[in-house]
1. Would you pick out the residues in the range 214-243 that are more than 14 Å from T34 (Cα to Cα), within 20 Å of the chain's Cα centre (by Cα) and buried (at least 19 other Cβ atoms within 10 Å of the Cβ)?
2. Which residue pairs have Cβ atoms under 7 Å apart, sit 6 or more places apart or on different chains, and have a first residue in the range 75-102 that is part of a helix (DSSP H, G or I) and a second that is within 16 Å of ligand 2 (Cβ to nearest atom) and of a type in the set (D, E, K, R)?
3. Can you work out which of the residues in the range 142-190 that are within 16 Å of ligand 2 (Cβ to nearest atom) and surrounded by fewer than 18 Cβ atoms within 10 Å (Cβ to Cβ) is nearest to the chain's Cα centre (by Cα)?
4. Here are the criteria: (1) among the polar types (S, T, N, Q); (2) open to solvent by less than 50 Å² (accessible area, probe 1.4 Å); (3) closer than 29 Å to A120 by Cα; (4) away from ligand 1 (no atom under 16 Å from the Cβ). Tell me which single one N74 does not satisfy.
5. Within the range 33-54, how many residues turn out to be within 10 Å of ligand 2 (Cβ to nearest atom) and assigned to a strand (DSSP E or B)?
6. Could you run through the range 18-52 and say how many residues are out of contact with any helix residue (DSSP H, G or I) (no Cβ under 8 Å at 6 or more places or on another chain) and over 21 Å from A222 (Cβ atoms)?
7. For the range 209-219, does any single residue satisfy the condition of being more than 16 Å from ligand 1 (Cβ to nearest atom), within 20 Å of K43 (Cβ to Cβ) and out of contact with any Gly (no Cβ under 6 Å at 6 or more places or on another chain)?
8. Would you pick out the residues in the range 77-101 that are open to solvent by less than 80 Å² (accessible area, probe 1.4 Å) and more than 20 Å from the chain's Cα centre (by Cα)?
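The values are calculated or read from the model by the stated rules, or taken from the named source; none is laboratory data. Just so it is clear, the model here is predicted, and its values are computed rather than measured. Every residue, glycine among them, receives a Cβ derived from its backbone with ideal geometry; neighbour counts consider all protein chains shown. Protein only, heavy atoms only, side chains kept; ligands, DNA and RNA dropped before computing areas. Shrake-Rupley method; radii C 1.70, N 1.55, O 1.52, S 1.80 Å.
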Amino acid sequence: MTDLIQINHLQKQYGNHEVLKDINLSVKDGEVVTIIGPSGSGKSTLLRCINLLEEPTGGELLFKGDNILAPGYNLPKYRAHVGMVFQQFNLFENHDVLNNCIVGQVKVLKRSREEAERIAIANLDKVGMKDFAHAKPSQLSGGQKQRVAIARAISMDPEVMLFDEPTSALDPEMVGEVLKIMRELTGTGLTMIIVTHEMAFAEEVSDRVIFMDQGVVAEEGAPEKIFQHPEQARTKEFLQRIL
Ligand code: ADP
Ligand code: MG
């Protein structure tokens, strides 16, 4: 497996607040990586730097070996390859479910409306939301919205999917339906980077777990190592606090 994403000495500062300090991380094609860590440790900022919603203030970000921060790199094309699912869904409220899954395909990927619709319907079917194609987001539960957000993201044929606490805004009874869809996606060979507080899920689906604390990768390793035999005091302390 080759490195799909390689992050070297990544830094992000807001004013003089150093939120990410020298992050080094590589993600291989097809790998499922989860990022855990306390609130405020920089997990969202790291994901937002990976898809360039935020511009890093230092370091390198390589995608398939190319430096995406280099001048002249085709950023719109890169962004089209990176899917993101947010805690707060970020659906287009004025579009119905089907259109939410079509607009990016037509605008960014230049697919015909017919092709985009066929792909959207197939993906809505995969997440169990085909029957809601003509509903507005406001008519859906949180779990349903998040399943639509996942269908929308995978309709763009991403090379990597980023998930930022996709179940944190959900009522507890809806967490399972979203994790089920994510679990199915992990079996498809899609590269996934998942920020989550669902530790049992992380342990089950991850190839590798990253523990972040105060803007650094404090520990990383196989799920059984991080969850059963953590080495760093702060990893142990975090896990004791939340489990
Ligand atoms: P996490 O996702 O791990 O909870 P975040 O990446 O959201 O952490 O935030 C890490 C730190 O960066 C926090 O201290 C937060 O206040 C700060 N931060 C995040 N976004 C901004 C921003 N746009 N401007 C200033 N500070 C920010
Ligand atoms: Mg966050």
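1. Correct list: G215 only.
2. none
3. Among those that are within 16 Å of ligand 2 (Cβ to nearest atom) and surrounded by fewer than 18 Cβ atoms within 10 Å (Cβ to Cβ), it is S168.
4. (2)
5. Summing the residues that are within 10 Å of ligand 2 (Cβ to nearest atom) and assigned to a strand (DSSP E or B) in the range 33-54 gives 1.
6. Of the residues in the range 18-52, 12 are out of contact with any helix residue (DSSP H, G or I) (no Cβ under 8 Å at 6 or more places or on another chain) and over 21 Å from A222 (Cβ atoms).
7. no
8. If the condition is that a residue be open to solvent by less than 80 Å² (accessible area, probe 1.4 Å) and more than 20 Å from the chain's Cα centre (by Cα), then H95, D96, V97, L98, N99 are the ones that fit.
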